[in-house]
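Below you'll find the structure, written out as structure tokens, and then a few comments.
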Amino acid sequence: MQPFTKHTGLVAPLDRVNVDTDQIVPKQFLKALTREGFGRTLFYDWRYLPGEKPNPDFVLNWPRYRGASILLTRSNFGCGSSREHAPWALLDYGFRAIIAPSYADIFYNNCFKNGILPVVLPDAHVDELFRRTQQREGYRLTVDLEDLTVSDDSGWRQPFQVDAFRRECLLKGWDDIGLTLRFEEQIAEYERRHPVSARMYEKVDATVLPPQESIHRYKRLGGGEGEA
Amino acid sequence: MTPRTMYEKIWDAHVVRESPGEPSLIYIDRHLIHEGTSPQAFAGLRAAGRKVRRPDLTFAVMDHSVPTKDRHLPLVDQVAAAQFEALERNCREHGITLFNMFSRNQGIVHIIGPELGLTQPGQTIVCGDSHTSTHGAFGTLAFGIGTSEVEHVLATQCLPQFKSKTMLVRVNGRCRPGITAKDIILSIIGRIGIAGGTGHVIEYAGEAIRALSMEGRMTVCNMSIEAGARAGMIAPDETTFAYLEGRPFLPRGKDFQVAVDYWKTIASDAGAQYDRVVELVADDIAPQVTWGTNPGMVTDVTGKVPDPASFADPVDRKAAERALEYMGLVPGTPIQEIPIDRVFIGSCTNSRLEDLRLAARVVAGKRVAPSIKQALVVPGSMVVKAQAEKEGLDKIFREAGFEWRDAGCSMCIGMNADVLPSGERSASTSNRNFEGRQGKGGRTHLVSPMMAAAAAIAGHFVDIRDWPEVRTAVQ
């Protein structure tokens, strides 16, 4: 994972509450096999008119916000579906940090797995940032995870909080699976003494189990089969 | 010992490792996967040269993109086909049990888990799907995770987790006839808001919750995430044990009794403290219909489309204005005068046998209104489908003019061919009325199965409590 230490960039304002992950990446893009290339799909239904023509009414399409890397938005951002495609799309589009009064739990967590910093600021500060972003073309902010502040070049500066462990992981870009694997012994030990006991895992009626030996090959319309 | 909540008991029983200032490492008893959110996790595993630690605790199913008819025909959707094949390959390579779209146990992941008895009280269950909260109906700590976490669980059977806050939602008294679990949970969401449960695990309690069948309890827990809570739970009781006994993945005989004895210990202790307590009066709950673009934008069927000007908070006002514009609704319109184009009975919220029985009771001997373009019944699993057919429910639906399909997520998310066209309005038993959720430009109203069935017959929303087949029968 790409570490996050300090980032300065152009701010784009998305003035909506409760932006759900269905809006961030619509369902038709959940059929991918890789994590790459989701930038094009970000806010797809809002961002494009039919034929993937940019919708001039959508804020990210305004020339003044081209190249934005900090998304300023409202409360409960990222609610709904657990799809990690949402942070993949934000990152691939170019966003490294988000600023909002609050986030949905699963989305918030998914951001940290992808090197995106979701900053929580109180409503009043978010309101102020919306004002500044709208007033000043080219408005930029610096988000500093080391000293836990958001600031602009005209002296506006506010602290924010992040859990210390999450901060450390993001600063160092740690692979948290690697961290967990260091505790292999404890995991194995837990499996031995699990209070629910091995009995609960026993497959008692194996007749419902599908045969494992074959892989179904899916025929496609227009001929051809995938390589299974 | 300090009294503990059910959440705390299950948490404590699953801690592998704790260290101050770090998230706890929590053991995962069951990992459910599907075609939509797992390919990148397997790819990550492969890239790092890691293995699936416990393929025996991992179960896969195809549900999100599967066609709900003509499965024997070649697939039209090539991209979905590649995803199905990836799941087949990944499960084969790692020795994971897969219920593919031709399995007689195939179905929506949150329907088949309980149905097979994979879901058991006291367990931790995760799945790369936010409606994993469904399984909490059994007294299970179950929550949705992202793909990175899917990979984490595949590799380690554990997840680093921060402890959530707890919220008790007590629904006192009994619901009136015609009021179902869906109306209860929509009322709860309407009350606490779509972010009301953020950071919390909700425990549902009270007489109205206890009176629910397991199917109803699953409906309630399913939509916990629509209130912002990753998990919702209900203490296991005799209803739970009766549902579980004899299911394929459960122990039998004396072993089952041992399990029940353990399950009886996991309910919250008397005097356990919650961070927040919310109480509702069951008697006050009317059939619910959403009018906006999130599940918190909901009102009684006897109500009207609200006027955005009535919202005190300017942010809420703007959100309501935008929602009404998207929904094509005029403030002050009585809910019962809203005409419907399509009806969808299905999804992990409401596609179990009980849901289909209730809907069938409403449509029996009637016809879908001529103005309705499509009325779909999509059973939650092939097992539900077979059971419903045994009872003749398929005939009732077909004779009334409904389409009767194979199991899958279908029009709840519109990843297959079952899509709500732009500008059209649905009465849907699913869980999300977000913009474009059922199809770009589609307008979703969330309701209970009986309310959806009645809307199909009437062509617009109606108060199900006025119908004689409901007044006499239900609950």
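The values are calculated or read from the model by the stated rules, or taken from the named source; none is laboratory data. Since the structure is predicted, the reported quantities are computational estimates derived from the model, not experimental observations. In this analysis, Cβ positions are derived from the backbone assuming ideal geometry, glycine residues included, and neighbour counts consider all displayed protein chains. Heads up: the accessible areas ignore ligands, DNA and RNA and are worked out on the full protein's heavy atoms, side chains in. Shrake-Rupley method; radii C 1.70, N 1.55, O 1.52, S 1.80 Å.
Using each residue's phi in the range B:126-138, evaluate 6.51 cos²θ - 1.76 cosθ + 1.60 at θ = phi - 60° and report the 3J(HN,Hα) Karplus result to the nearest Hz, with x for Gly and Pro.
These are the phi-based 3J(HN,Hα) values: 10, 7, x, 6, 5, 7, 4, 3, 3, 5, x, 4, 9 Hz.
Which value, in Å² rounded to 10, gives the accessible area of residue B:260 with a 1.4 Å probe and all protein chains present?
10
Using alpha carbon centroids, what distance separates the range B:309-369 and the range A:27-88, in Å?
27
Along the range B:402-416, what does the Karplus equation 6.51 cos²θ - 1.76 cosθ + 1.60 (θ = phi - 60°) give for ³J(HN,Hα), rounded to whole Hz, x for Gly and Pro?
Values, residue by residue: 8, 8, 10, 10, 7, 6, x, 6, 6, 6, 5, 10, x, 8, 9 Hz.
Taking every DSSP beta bridge that has both residues in the protein assembly as shown, what percent is antiparallel when rounded to the nearest 5? Each step should come with its number before you reach the end.
Values: 26 of 82 bridges.
The antiparallel proportion sits near 30 percent.
Label point 7 Å out from residue B:371 along Cα-to-Cβ: which residues of the range B:334-351 have amide N under 17 Å?
In the range B:334-351, the label zone of residue B:371 (backbone N under 17 Å from the point 7 Å along Cα→Cβ) covers B:334-344.
How many nm separate the modelled label positions at residue A:140 and residue B:398, each set 7 Å beyond the Cα in the direction of the Cβ?
Modelled inter-label distance: 6.7 nm.
If the cut-off is a Cα-Cα distance under 14 Å, which aspartates and glutamates reach residue B:385, setting aside same-chain residues fewer than 8 apart in sequence?
B:115, B:354, B:355, B:394, B:403, B:406
Which shape class applies to chain A: rounded if a/c is under 1.5, otherwise prolate when a/b exceeds b/c and oblate if not, where a ≥ b ≥ c are the square roots of the Cα gyration tensor eigenvalues?
On the way: a/c = 2.62, a/b = 1.42, b/c = 1.85.
In terms of gyration-tensor shape, oblate.
What accessible surface, in Å², does a 1.4 Å probe find on residue A:81, ignoring ligands, DNA and RNA and rounding to the nearest 10?
Counting only protein heavy atoms, residue A:81 exposes about 20 Å² to solvent.
Under the rule of at least 5 residues apart or a separate chain, name every residue whose amide H is placed under 5 Å from the amide H of residue B:375.
The list, which skips near neighbours in sequence, is B:343, B:403.
How many Å² of accessible area per residue for the range B:330-475, probe 1.4 Å?
Details: 4620 Å² over 146 residues.
Dividing the accessible area of the range B:330-475 by its residue count gives 32 Å².
Taking each residue of B:218-225 in turn, how many C-beta atoms of other protein chains fall within 10 Å of its C-beta, and what is the average?
1
List the residues, sorted by chain then number, that are 5 or more residues from residue A:219 or on another chain and whose placed amide H is less than 5 Å from its amide H.
Under 5 Å from the amide H of residue A:219 lie the amide H atoms of B:75, each far enough along the sequence or on another chain.
Once the Cβ-Cβ distance between residue B:19 and residue A:148 is put in as r, and R0 is 25 Å, what FRET efficiency do you end up with, to the nearest 0.05?
0.65
Reachable lysines from residue B:254, Cα under 22 Å, same-chain residues fewer than 8 places away excluded?
Excluding near neighbours in sequence, the set is A:203, B:264.
Only Cα pairs under 8 Å and at least 6 apart count here; give the relative contact order of chain B as a rounded whole percent.
The normalised contact order for chain B reaches 17 percent.
Using a Förster distance of 51 angstrom, determine the FRET efficiency expected from the C-beta separation of residue B:46 and residue B:364, and round it to 0.05.
0.45
Lysines near residue A:6 by alpha-carbon distance under 28 Å, same-chain residues fewer than 8 away left out - which ones?
A:113, A:172
Which order do A:132, A:96, B:46, B:30 take when ranked by solvent-accessible area (1.4 Å probe, heavy atoms of all protein chains), largest first?
Largest accessible area first, the list is B:46, A:132, A:96, B:30.
5 Å is the cut-off here: which amide hydrogens, built 1.01 Å from N in the peptide plane, fall below it relative to residue A:117, excluding neighbours closer than 5 in sequence?
Sorted by chain and number, the residues that satisfy this are A:97, A:98.
Of all DSSP beta bridges in the range A:1-155, what percent run antiparallel (nearest 5)? Don't skip to the answer; put the middle values down first.
Numbers: 10 of 23 bridges.
The antiparallel fraction comes to roughly 45 percent.
Roughly how many nanometres apart are two label points built 7 Å out from the Cα toward the Cβ at residue B:254 and residue A:127?
In this crude spin-label approximation the distance works out to 6.9 nm.
What does the net charge come to around residue B:24 if you take all other residues with beta carbon closer than 11 Å to its beta carbon, with K and R at +1 and D and E at -1?
Local net charge: -1.
Provide the descending list of Cα extents for the protein assembly as shown along its principal axes, expressed in whole angstroms.
Answer, in whole Å and largest first: 71, 64, 62 Å.
Kindly sort B:411, B:297 by accessible area of their heavy atoms, largest first, with the probe set to 1.4 Å.
Per-residue accessible area, sorted high to low, gives B:297, B:411.
Expressed as a whole percentage, what fraction of the accessible surface of the range B:283-431 belongs to carbon and sulfur atoms when a 1.4 Å probe is rolled over the protein heavy atoms? Provide the component values of the computation, followed by the final result.
Numbers: 2720 of 5440 Å².
Reported share for carbon and sulfur atoms: 50 percent.
Quick check on chain B: of the DSSP beta bridges with both residues there, what percent are antiparallel, nearest 5%?
Taking every DSSP beta bridge within chain B, about 20 percent pair in antiparallel fashion.
Output the relative contact order of the range B:159-254, whole-number percent, from Cα pairs under 8 angstrom with separation of 6+ residues.
31
Holding the Cα-Cα limit at 32 Å, pick out from B:9/B:390; B:182/B:440; A:219/B:51 the pairs that are longer than that.
B:9/B:390
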